[in-house]
Amino acid sequence: MTRKKVMGGAPPISLLLLGSRTIGAAAFKTHCLEIMDDVERSGAEVVITKHRRAVARLVPARAPGGAFCGALREKLVDVGEMVEPVEGSWENDDANFA
C-alpha cells in the first residue's frame, strides 16, 4: 500500500488524534492551500512557526451564529404573569432583619 506524501515528504498524519499540528513558515508557504483545506475539513488547528517559535495559528472559521437579536427565539418559556401578587398571607419575621 502506498501513501501520498505531503508537506516536505512526510506521510499524512491523522489529525483526529492531534489537538494541533505545528508547521514551519516555509512549509506553510509552500502548502498553504492544502493546509487550509485540511483545517477546514478536520477542524484541527495548525500552529505556524518561524525559527521554531510559534507566530500564528490557523483555525477553522466557524459558521457565523445567528444574529444577536432573536438568538433566544423558541428557547424561552412563557410561565404567565410574574409580577402579580401571590395569594395568601405573609408574616414579617423582624428577628431576622436586624
Relative to the present Cα-Cα distance, how much length would full extension add between Trp90 and Thr49 at 0.36 nm per residue of separation?
7.9 nm
The Cα extents of segment 15-58 along the principal axes, largest first and rounded to whole Å, are 27, 20, 13
Considering only Thr22, Cys32, Val55, whose Cα is most displaced toward the positive end of the charge dipole of segment 15-58, charges sitting on Cβ of Lys, Arg (+1) and Asp, Glu (-1)?
Val55
How would Val47, Val79, Val39 line up from fewest to most surrounding beta-carbon atoms within 10 angstrom?
Val79, Val47, Val39
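No lab work stands behind these numbers, since they all come straight from the coordinates. This one's a predicted model, so the numbers in the text were calculated from it and none came from an experiment. Don't worry about glycine lacking a Cβ; one is built from the backbone with ideal geometry, like all the others, and counts go over all protein chains shown.
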